Amino acid sequence: MQLVVGRIGRAHGIKGDVTVEVRTDEPELRLAPGAVLLTDPPSAGPLTVESGRVHSGRLLLRFEGVGDRNAAEALRNTLLIAEVDPAELPEDPDEYYDHQLVGLDVVLRDGTPVGEVTEVVHLPYQDLLNVRTAEGREVLVPFVERIVPEIDLEEQRAVIDPPPGLIDPDRAEVAGSREGGRDADGGTGGGTGTDGAGGGADGTTGRE
């Protein structure tokens, strides 16, 4: 399985270093010296990481065979892609790869079927599960432990405990009038990675 783990930015200096927009929660693993990465476009790679360092908050990488600024600049906007074993799990037990979540049956705590996860949406402040209900509606469910208390990969299901109105809009109106206009999602928000900063675009998704 292939996961996008970064995008090359502008050249830095004259010795072939490039800035990298990190798209993985595991840069120390995916972008470490010695890592061999496929690329998009394919003609730019594969690239082997020679060295890496952080400068002014940005990751700088140098690739084998890229020895000057011109060669580094030619790689600009190239996507870096890692080959990952589909059976591999993230180190954090509360994190999942996107492919593990897509296709899960979604049920309420009492077992009532809700629908199926069709996509994981990564936003800067949180991750969302895009759930297609039995009626064909698309519902975005914040991937936080309070709302998604259980992921059972063996049973291929996600148990959710949604606030009023998240799944059934009619309940939102009732709850809103009862609570004096409180947001239908009960004020739900915040990050979804374990650090509250959202999941990685390489498909690692975590619950807060």
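Considering 148, 117, the condition of being in contact (Cβ under 8 Å) with a residue 40 or more places away in the chain, β-branched (Val, Ile, Thr) and part of a loop (DSSP other than H, G, I, E, B) is satisfied by 148 alone.
Across segment 13-59, the qualifying residues are those that are open to solvent by less than 40 Å² (accessible area, probe 1.4 Å) and β-branched (Val, Ile, Thr), and the one among them that is nearest to residue 79 (Cα to Cα) is 39. Restricting attention to segment 90-104, the residues that are at pLDDT below 70 and loosely packed, with under 13 Cβ neighbours inside 10 Å add up to 2.
The values are calculated or read from the model by the stated rules, or taken from the named source; none is laboratory data. Computed from a prediction, not measured in an experiment: that's the story for all the values here. Every residue, glycine as well, gets a Cβ built from its backbone with ideal geometry; the counts of neighbours run over all protein chains shown. Note: areas computed on protein heavy atoms with side chains; ligands, DNA, RNA excluded. Shrake-Rupley method; radii C 1.70, N 1.55, O 1.52, S 1.80 Å.
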